[in-house]
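Asks: Have a look at this one.
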Amino acid sequence: MGPWPLDPRGPQAEASTFVYWILFACAIPILAVVCGSLIYSGIKFRERPGHVAQQFHGHNMLELIWTVIPTVMVISFTGLSWNKLNDINNVDAGVAMTVKVEGRQWAWAFTYPDQQMFKLTDGSTLVAGEQLDIPVGAKVKIEMTSKDVIHSFWVPNLGGKKDAVPGHTTSLWLQADQPGTYKGQCFEFCGEGHADMLITIVAHPQNEFATWATDAVKLANLLNDPRTKAGRDTFLASACVGCHTVKGTPAAGKVGPELTHIASKANIAGVLTPVNQENLVKWISDAPSIKPGILMPRFKGVLTDQQINDIAQWLLTLK
């Protein structure tokens, strides 16, 4: 599902879409009347052989009509919009979960509530990048700020947009009425990586959200394990970052394959199956002997066996 504002999947998006269609439905006949009148008048009263063009003034009824009708419409639209804005801006009533969001060039970071279901073994709270997972039918408050420049949070299928401003906290609320994956992006130009500053919100059925949270906490605990952290640090400190991309880290190389989801792949470079600790260690140690002609160098002798094992263990967390 792409970011499309006229396909509402939550109450806030429905409120905005309702106002849009009312305004659109009223604008079309007005456009037709105005353009039709101009065309008719231009043809009917044009100067031509046997007919001299004339000016007409002072038609009281016509002037009354085109004054009263637009005035009534503007007042009605204002009342309708004001009513819907009250719902859109009512971010605190009935909130089921509050998520803190930080925008930075060029990614989003989501910090889940300080609740037991999101607690890690080190006492910290679950933090995710790029993807926010929420339960279906729950009102989720988003508290936003920015680390660097102004960003704008927008997931059109679920709600309106709101700026994330450095040094300030702004808020909006979202609710998904159907399970699914909803796409959005930063809507404020924020630098050269703006177009890739995307947002993904995954809405889980209520009876599956707790299971997702448990799995997410387990994975986060694994990532915080000292051995896993050692592998991550070694990877980011080595030549690996010059060739490979791992989203959510400084690794942004374009020469080699992206490794963001390497642990979910069926094989390693099409030659080693499955993706496990043993095969990753073999590949990192001496990839050219396994697949001649590739650009990846041998790391055996450059890194210690322990460092290679640590990197392999960390790569297995990238699912």
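Asks: Can you tell me which residues in the range 38-69 are of a type in the set (F, W, Y), more than 27 Å from F18 (Cα to Cα) and surrounded by 10 or more Cβ atoms within 10 Å (Cβ to Cβ)? Spell out how you get there, then give the answer.
Replies: Applying the first criterion (of a type in the set (F, W, Y)) to the range 38-69 yields 40, 45, 56, 66.
Adding the requirement that they be more than 27 Å from F18 (Cα to Cα) leaves 40, 45, 56.
Matches in the range 38-69: Y40, F45.
Asks: Identify, from the list K119, K84, the residue that is among the basic types (K, R) and closer than 19 Å to L172 by Cα.
Replies: Values: K119 fails: closer than 19 Å to L172 by Cα.
Answer to the check: K84.
Asks: The conditions are (1) free of Cβ contacts under 8 Å to residues at least 24 places away in the same chain; (2) more than 25 Å from K84 (Cα to Cα); (3) assigned to a strand (DSSP E or B), and D114 fails exactly one of them. Which is it?
Replies: (3)
Asks: State which residue pairs qualify: first residue among the hydrophobic types (A, V, I, L, M, F, W, C) and inside the range 214-227, second residue part of a helix (DSSP H, G or I) and open to solvent by less than 40 Å² (accessible area, probe 1.4 Å) in any location, beta carbons under 7 Å apart, and separation of 6 or more residues or different chains.
Replies: Every condition considered, the pairs that remain are V217/F118; L222/T228.
Rundown of residues vs (1) buried (at least 16 other Cβ atoms within 10 Å of the Cβ); (2) among the charged types (D, E, K, R); (3) modelled with pLDDT under 85; (4) in a helix (DSSP H, G or I), yes/no style:
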{"residue": "T71", "(1), (2), (3), (4)": "no, no, no, yes"}
{"residue": "I75", "(1), (2), (3), (4)": "no, no, no, yes"}
{"residue": "G94", "(1), (2), (3), (4)": "no, no, no, no"}
{"residue": "K100", "(1), (2), (3), (4)": "yes, yes, no, no"}
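Asks: In addition: Name the residue that is farthest from the chain's Cα centre (by Cα), counting only residues in the range 262-275 that are within 30 Å of A109 (Cβ to Cβ) and open to solvent by 30 Å² or more (accessible area, probe 1.4 Å).
Replies: Only one residue fits best here, namely K265.
Asks: Any residue in the range 185-206 that's farther than 25 Å from I134 by Cα: show its pairings with residues that are open to solvent by 10 Å² or more (accessible area, probe 1.4 Å) and modelled with pLDDT under 90 at Cβ separation under 7 Å, as long as the two are six or more apart or on different chains.
Replies: As it stands, the answer is C190/Q105; C190/W106; G191/Q105; G191/W106; G193/Q105; G193/W106, since those pairs meet every condition given.
Asks: Considering only residues that are polar (S, T, N, Q) and modelled with pLDDT under 85, look in the range 224-257 and name the one that is farthest from the chain's Cα centre (by Cα).
Replies: As a first pass, look at the range 224-257 and keep what is polar (S, T, N, Q): 224, 228, 234, 238, 245, 249.
From the residues that got through so far, the ones that are modelled with pLDDT under 85 too are 224, 228, 249.
Numbers: N224: 25, T228: 28, T249: 18 Å.
Only one residue fits best here, namely T228.
Asks: Give the residue, chosen from T245, T214, T169, T181, that is within 30 Å of T121 (Cα to Cα), β-branched (V, I, T) and touching a helix residue (DSSP H, G or I) at 6+ places or on another chain (Cβ under 9 Å). So that I can check it myself, show each step before the final result.
Replies: Details: T245 fails: touching a helix residue (DSSP H, G or I) at 6+ places or on another chain (Cβ under 9 Å); T169 fails: touching a helix residue (DSSP H, G or I) at 6+ places or on another chain (Cβ under 9 Å); T181 fails: touching a helix residue (DSSP H, G or I) at 6+ places or on another chain (Cβ under 9 Å).
The unique qualifying residue is T214.
For every residue, the table says whether it meets (1) touching a strand residue (DSSP E or B) at 6+ places or on another chain (Cβ under 6 Å); (2) open to solvent by 70 Å² or more (accessible area, probe 1.4 Å); (3) among the β-branched types (V, I, T); (4) assigned to a loop (DSSP other than H, G, I, E, B).
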| site | (1), (2), (3), (4) |
| --- | --- |
| Q185 | yes, no, no, no |
| E192 | no, yes, no, yes |
| I199 | yes, no, yes, no |
| N207 | no, yes, no, no |
| K218 | no, yes, no, no |
| T234 | no, no, yes, no |
| V255 | no, yes, yes, yes |
| T260 | no, no, yes, yes |
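Asks: Let me ask something additional. Residues that are in contact with a Gly (Cβ under 7 Å, 6 or more places away or on another chain), part of a strand (DSSP E or B) and aliphatic (A, V, I, L, M): does the range 117-139 have at least one?
Replies: No, the range 117-139 contains no residue that is in contact with a Gly (Cβ under 7 Å, 6 or more places away or on another chain), part of a strand (DSSP E or B) and aliphatic (A, V, I, L, M).
Asks: Let me ask something additional. Being touching a Lys or Arg at 6+ places or on another chain (Cβ under 9 Å), within 26 Å of A213 (Cα to Cα), assigned to a strand (DSSP E or B) and modelled with pLDDT of 90 or more is the requirement here; does I142 meet it?
Replies: Working: touching a Lys or Arg at 6+ places or on another chain (Cβ under 9 Å): yes; within 26 Å of A213 (Cα to Cα): yes; assigned to a strand (DSSP E or B): yes; modelled with pLDDT of 90 or more: yes.
Yes: the conditions hold for I142.
Asks: Name the pairs: first residue in the range 293-308 and under 11 Å from V281 (Cβ atoms) and open to solvent by 70 Å² or more (accessible area, probe 1.4 Å), second residue modelled with pLDDT of 90 or more and not aromatic (F, W, Y), Cβ to Cβ under 6 Å, at least 6 apart or on different chains?
Replies: Going by the 6 Å Cβ cut-off, the qualifying pairs are K300/S285; K300/D286.
Asks: Looking only at the range 24-74, count every residue that is within 30 Å of L6 (Cα to Cα) and of a type in the set (A, V, I, L, M, F, W, C) and tell me the total. So that I can check it myself, show each step before the final result.
Replies: Residues of the range 24-74 that are within 30 Å of L6 (Cα to Cα), as a first pass: 24-36, 69-74.
From what's left, of a type in the set (A, V, I, L, M, F, W, C): 24-28, 30-35, 69, 72-74.
Adding up the residues that qualify gives 15.
The values are calculated or read from the model by the stated rules, or taken from the named source; none is laboratory data. Keep in mind that this is a model prediction, so the values were computed, not measured. Please note: Cβ atoms are built from the backbone with ideal geometry, for glycine as well, and neighbour counts cover all protein chains shown. These accessible areas exclude ligands, DNA and RNA; they are computed on the full protein's heavy atoms, side chains included. Shrake-Rupley method; radii C 1.70, N 1.55, O 1.52, S 1.80 Å.
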